[in-house]
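Notes for the one structure printed next.
Read-outs: derived from the displayed coordinates by stated rules, not from any lab. What you see is a predicted model, and the numbers here were worked out from it, not measured in a lab. Cβ sites come from the backbone with ideal geometry, for glycine too, and all protein chains shown count toward neighbours.
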Ligand code: DAT
């Protein structure tokens, strides 16, 4: 077989996705710390490296250029040991991730967290509706095998701690199984 294959990852890549306000940033920071992964916040990368097609004034957000994001991330993902945090997940190559975590939160929590962040009403409502309609969960289910997915409630600090622990255990096991 002459088709070149990349070496297997020794440390897993993890995607933490969910509607804005479900706790991706906080959870992935804690996961990165607890499990020794490198955190990549795609939203920051998009801004810092201009991986967008301009600014959407209505929703105070950038128009994402998905091809540019994938090209930019390809080499870092190849190395493994990356914890990616982003609110959409369908455009990433499926092969990048060993675990896909979808965070879910109750409507009131999403609302309060986004209001606390100073989001405009239309942006809060869009995200609250998206969480009710489970848009991100459906996108993940369409894009990844169910056996790499974890759907986790993120309503309380206790939830967050349990979630971080579960993900850290996954990372530990993966490393043990991929030592050689
Ligand atoms: P995201 O990155 O998904 O937009 P975040 O991590 O920035 O979300 O969290 C938004 C706010 O809500 C932040 O102030 C922390 C808080 N928060 C997140 N998850 C939580 C949880 N499970 N319990 C309590 N507070 C939480």
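To test your reading of the geometry: what angle, between 0 and 90 degrees and rounded to tens, separates the Cα axis of helix 24-35 from the longest principal axis of the chain?
Here the helix axis deviates by roughly 30 degrees.
Mean residue ellipticity at 222 nm from the helices of the chain, using -39,500 (n - 2.57) per DSSP H segment of n ≥ 4 over the full residue count, to the nearest 500 deg cm²/dmol?
Mean residue ellipticity, 222 nm, calculated: -14500 deg cm²/dmol.
So what does log10 I(q)/I(0) come out to for segment 81-173 at q = 0.10 Å⁻¹, using the Debye formula with one equal point on every Cα and no solvent?
Log-scaled intensity ratios, in q order: -0.29.
Please report the antiparallel percentage of the DSSP beta bridges confined to the chain, to the nearest 5.
Numbers: 3 of 19 bridges.
Bridges in the chain are about 15 percent antiparallel.
What whole number of Å gives the distance from the Cα centroid of segment 28-93 to the Cα centroid of segment 152-180?
Centre-to-centre distance over Cα atoms comes out at 20 Å.
Go ahead and set up a Gaussian network model of the chain, Cα springs under 10 Å, then flag whichever of 143, 154, 75 fluctuates most.
For the chain, modelled as a Gaussian network with Cα springs under 10 Å, the answer is 75.
For segment 14-162, calculate the relative contact order in percent as a whole number, restricting contacts to Cα pairs under 8 Å that are 6 or more residues apart.
34 percent
At q = 0.08, 0.15 Å⁻¹, what log₁₀ I(q)/I(0) does the chain have when each alpha carbon counts as one equal point scatterer in the Debye sum?
Values returned for q = 0.08, 0.15 Å⁻¹ are -0.25, -0.89.
Arrange 180, 52, 87 by Cβ neighbour counts within 10 Å, fewest through most, would you?
180, 52, 87
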